[in-house]
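First comes the structure, then the notes that go with it.
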Amino acid sequence: MGTRITSGIERGSPIQIEVDGRALQAYEGETIAAAMIASGITSFRHTAKHSSPRGIFCGMGVCFDCLMTVDGVPNVRSCITKVREGMKVRTQDEHAWGEHRDSLGEEHHG
C-alpha cells in the first residue's frame, strides 16, 4: 500500500476519483499519479509485447510510461494532470498508445 504524508503539508480539499472502477481519495491540486501511488497503485499500463507493467518513470510528462485514459480521452499523462472531482481514469490500452507514438515520428520510436 502507498503512503501519504500526513503532517507538515498543506493539502487541497479531499475529493474522489475513480481508477479502473475503484474509488480513490485524492486531494485538489495533486496529480492523478500521486493519488494512485498514495492508494497503492503503481502499475499504470502494460506493454503490448511482453505485458510488462509500467508506472512512473520521469514524473514530468516526457516518457509516456504513465499514459492513461481520462474521462474517455486516451494518452493523458497522469504524472502532470491534476485530479478533478468525479474524474474517471482507465488503464491505458496499448492500441491507443501505439497510435500516439506513430504520430510522433521516428525520433521517438527508440
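The values are calculated or read from the model by the stated rules, or taken from the named source; none is laboratory data. In this text the structure is predicted, and so the values were computed from the model without any measurement. Every residue, glycine among them, receives a Cβ derived from its backbone with ideal geometry; neighbour counts consider all protein chains shown.
Observations on the structure shown:
- Yes/no for Gly61 being of a type outside the set (A, V, I, L, M), free of Cβ contacts under 8 Å to residues at least 24 places away in the same chain and more than 20 Å from Arg4 (Cα to Cα): yes
- Pairing each residue of region 3-23 that is small (Gly, Ala, Ser) with any residue that is surrounded by 10 or more Cβ atoms within 10 Å (Cβ to Cβ), provided the two are 6+ apart or on different chains, yields C-beta distances under 8 Å for Gly12/Tyr27; Gly12/Glu28; Gly12/Gly29; Gly12/Glu30; Ser13/Tyr27; Ser13/Glu28; Ala23/Gln16; Ala23/Ile17.
- Test: Glu18 is outside any loop (DSSP other than H, G, I, E, B) and surrounded by fewer than 15 Cβ atoms within 10 Å (Cβ to Cβ): yes
- Here Gly86, Gly61, Gly40 are screened, and the one residue that is at pLDDT 95 or above, assigned to a loop (DSSP other than H, G, I, E, B) and of a type in the set (Gly, Ala, Ser) is Gly86.
- Of all residues in region 43-56, those being exposed (fewer than 13 other Cβ atoms within 10 Å of the Cβ) and in a loop (DSSP other than H, G, I, E, B) number 7.
- Residues satisfying the stated conditions in region 34-70, i.e. on the phi < 0 side of the Ramachandran plot and among the hydroxyl-bearing types (Ser, Thr, Tyr): Ser39, Thr42, Ser43, Thr47, Ser52, Thr69
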